[in-house]
Amino acid sequence: MFEKLQKKWKVNGWQLLAILCTFAIGGSLTGIVGRKILQQLPELHPLGWTLLYIITMTLIWPLMVVLVSIPFGQFPFFKNYLLRIFQKMTNTPSSTPPSSIPPSSIPPSSIPPSSIPPFSLAIFASGTGSNAQKIIEHFRNHPSIRVALVVSNKATAGVLDKAVAAGIPTLLIEKERFFRGDGFVAELTNHGIDFIVLAGFLWKVPPSLIQAYPSRMINIHPALLPKYGGKGMYGNFVHEAVIAAGEKESGITIHYVDEQYDHGGTIFQATCPVFPEDTPEALANRIHELEHQHFPAVIESVILSKLVKNQSS
Ligand code: GAR
């Protein structure tokens, strides 16, 4: 049960202990303070008293746990926890595109895809490929978009096994030809690739490939660009830098690819908290969750909006 909670809340053992103590002490204090308040009230009908008791406890409890969470160093967790309860009750989404990005640039994925011709996607990845897996699953039965190729620069990358298991062709690229040659454009064209998604791809993309896919290549970065981007900023290096800088918030950025690292126009961002006790691994898990939640849907929206534009022009 404790392991389940640790996974669910993305915390280590000590944090879990502090959180459980906060719940226990906050709960007891709620009872004591609540009873003290109710004792001040005149005699009431038992039904009225029960109702008042429930309302008083419901209002006092969040206040008590937040107060107790401060000495336990768990204020960010409880702030977020209570916010999530509030968001669930009021049905507000927990992450939003930044205000600088007009919502119209992320069209609803309810655009009828049936009238759209098939569209082929290549995923470039260097690592385990958990994002690639989510993208593959998302488009498995899609009427107009399919993952047609998985490209990697690393023969041992887990993403290649995932592609093979899903029956998707793979392409292993080699450094010299990628950077000094044609960026493997001919192979991509042969596979009929219309759009490229970088999902944890760690090589810089050469100009030849960018020019072959203008505004048709997007990347995901595990931080809120323009902060914590650039050469050497990938995976845990990003999370280490975010934690070392004492950031209270991190997140993901999905953006178009241009000739600089982590630089092209932003399409979408979503945020998550950074807790004082976070390890790079704990933050990475939280970021991965955000990526899996949003990346496939954003890819779909970007492609569908392009297809709809092409059709109407
Ligand atoms: C993802 O977190 C992605 O944002 C990051 O690599 C990870 C790949 O994970 N990309 C970068 O750091 C690019 N600068 P995955 O292999 O499990 O999908």
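Just so it is clear, none of the values below were taken in a lab; they were calculated from the coordinates. Just so it is clear, the model here is predicted, and its values are computed rather than measured. A quick note on method: Cβ atoms are made from the backbone with ideal geometry, for glycine too, and the neighbour counts reach across all protein chains shown.
The distance linking the range 176-205 with the range 265-313 is 22 Å (Cα centroid to Cα centroid, whole angstrom). Close amide-amide hydrogen proximity is noted between LEU198 and PHE124, ILE218, ASN219, ILE220, each under 5 Å apart and 5 or more residues distant or on a separate chain (H modeled in the peptide plane; Pro and chain starts excluded). For SER215 and ARG140, the difference between the fully extended length at 0.36 nm per residue and the C-alpha to C-alpha distance is 24.6 nm. The distance between label points at ILE85 and LEU5 comes to 1.5 nm (points 7 Å beyond Cα on the Cα→Cβ vector). Summarising the label geometry, the points placed 7 Å from Cα in the beta-carbon direction at ARG35 and ILE55 lie 2.2 nm from one another.
The angle between the Cα long axis of helix 75-90 and the longest principal axis of the Cα atoms of the chain comes to about 80 degrees, rounded to the nearest 10.
Axis angle, to the nearest 10 degrees, between helix 280-312 and the longest C-alpha principal axis of the chain: 50 degrees. When Rg and the Kirkwood Rh are both derived from Cα coordinates, the Rg/Rh ratio for the chain amounts to 1.09. The packing ranking of peptides 271-279, 35-43, highest mean first, is 271-279, 35-43, where packing means the average number of other beta carbon atoms within 10 angstrom of each residue. Seen against the Cα atoms of the chain and their longest principal axis, helix 235-244 is set at about 40 degrees. Over all pairs of different C-alpha atoms, the range 215-270 has a mean inverse distance whose reciprocal, the Kirkwood radius, equals 11.3 Å. For the range 174-304, the relative contact order works out to 21 percent when only alpha carbon pairs closer than 8 Å and six or more residues apart are counted. Considering only alpha-carbon pairs that sit under 8 angstrom and 6 or more positions apart, the relative contact order computed for the chain is 16 percent. Just round it to a whole percent: the fraction of Cα-Cα distances in the range 186-313 exceeding 24 Å. Tail fraction, whole percent: 32.
If the cut-off is 14 Å between C-alpha atoms, which aspartates and glutamates fall inside it for LYS79, apart from same-chain ones fewer than 8 positions away? Partners within reach: GLU249. Stokes-Einstein diffusion for the range 116-210, with the hydrodynamic radius set to the Kirkwood value over Cα pairs and evaluated at 10 °C in a medium of 1.306 mPa s, equals 119 µm²/s. Helical content of the chain, expressed as a calculated mean residue ellipticity at 222 nm, amounts to -16000 deg cm²/dmol (DSSP H runs of 4 or more residues, -39,500 (n - 2.57) each, divided by residue number, nearest 500).
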